[in-house]
1. Could you tell me which numbered condition PRO203 fails, if it satisfies all but one of (1) under 17 Å from PHE111 (Cα atoms); (2) surrounded by fewer than 19 Cβ atoms within 10 Å (Cβ to Cβ)?
2. Could you check MET213 against (1) surrounded by 12 or more Cβ atoms within 10 Å (Cβ to Cβ); (2) free of Cβ contacts under 8 Å to residues at least 40 places away in the same chain and say which number it fails?
3. Taking the criterion of being in a loop (DSSP other than H, G, I, E, B), in contact with a strand residue (DSSP E or B) (Cβ under 7 Å, 6 or more places away or on another chain) and either of a type in the set (Val, Ile, Thr) or open to solvent by less than 40 Å² (accessible area, probe 1.4 Å) (or both), would at least one residue in segment 135-145 satisfy it?
4. Can you work out which of the residues in segment 129-177 that are among the aromatic types (Phe, Trp, Tyr) and without any contact (Cβ under 8 Å) to a residue 40 or more places away in the chain is farthest from HIS100 (Cα to Cα)?
5. In segment 104-128, what count of residues is obtained for those that are of a type in the set (A, V, I, L, M, F, W, C) and without any contact (Cβ under 8 Å) to a residue 40 or more places away in the chain?
6. Name the residues in segment 174-192 that are aliphatic (A, V, I, L, M) and modelled with pLDDT of 95 or more, would you?
7. So which residues in segment 148-190 are polar (S, T, N, Q), surrounded by 15 or more Cβ atoms within 10 Å (Cβ to Cβ) and more than 21 Å from GLY210 (Cα to Cα)?
8. Which of the strands (runs of 3 or more DSSP E) contained wholly in segment 19-123 include at least 3 residues that are out of contact with any Gly (no Cβ under 7 Å at 6 or more places or on another chain), open to solvent by less than 40 Å² (accessible area, probe 1.4 Å) and farther than 21 Å from SER148 by Cα?
Amino acid sequence: DLNGWQQVKLNNGLSDPPQFFRTSGKDFIVYADSRGEINIIDRRGRQRIRVEEGLLRSTGSPVYENKTNNKGIFLMASSKGDLAYIDINGKTTTSRFGDHGNHPWFDYCDFTGDKENDFIFCGNGKVDVYTKKKDVIASASMPGSSFSKPVVYSSKRVSWLAVRDLKSRKIIVFNTNNQSVKGNSLLSDADPVIFYSDGEKMPVLVTVLGGKMIFTLLK
């Protein structure tokens, strides 16, 4: 056991493994219970931030350190589909980035390669990549779908996003320039993977159909 650790009580159990952050010279261990309620403690198990009541984290969203503005030190998608911030005092604020239903998938990464993180929401039959000003960089839709977790391949030249509809097994793929990949082979029995292979000039999309792996160059 860690010397000085105070036992943390979990009334509703953990939804995901805790996340660790170190920023501004302080340690933060962030975790959500099965309801999505956020708790923030230090490395001794003591409460670091008392989060304002009412915020529930989306089941499809990790917590991220905010690198975009001064609205808070952490951000995530809320259970209602909003972008949610938590500041150092535990105050929460939200911002709306379109309607992606309840508990959307969310990612916060540099999709355009401009060294600024973008906001990716996936749910309610659509996936959208936004700038911090809420402008849509790229998007795709499939009404009535139930998406798996999107996979993002980022590069300085062009980035790609792929996501699978759990109902139809169809794969949606698009890049930074909002160009999509279409074809009858874009079905998969498993979630897609994107990787860059030595010797190839372009990233490769890997899907699985009928027990066979299918490799598609993204160009």
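1. Condition (2) is where PRO203 drops out.
2. The failed condition is (1).
3. Yes, that holds for at least one residue.
4. PHE174
5. 1
6. ALA190
7. Kept after step one, since they are polar (S, T, N, Q), are these residues of segment 148-190: 148, 154-155, 159, 168, 175-180, 184-185, 188.
Filter once more, keeping what is surrounded by 15 or more Cβ atoms within 10 Å (Cβ to Cβ): 148, 154, 159, 175-176, 188.
Within segment 148-190, SER154, SER159, ASN175, THR176 meet the criteria.
8. Hits in segment 19-123: 26-32, 38-41.
The values are calculated or read from the model by the stated rules, or taken from the named source; none is laboratory data. The structure displayed is predicted, hence computed values, not measured ones. Methodologically, a virtual Cβ is constructed for each residue, glycine included, from the backbone with ideal geometry; neighbour enumeration extends over all protein chains shown. Surface areas here come from the heavy atoms of the whole protein model, side chains and all, with no ligands, DNA or RNA. Shrake-Rupley method; radii C 1.70, N 1.55, O 1.52, S 1.80 Å.
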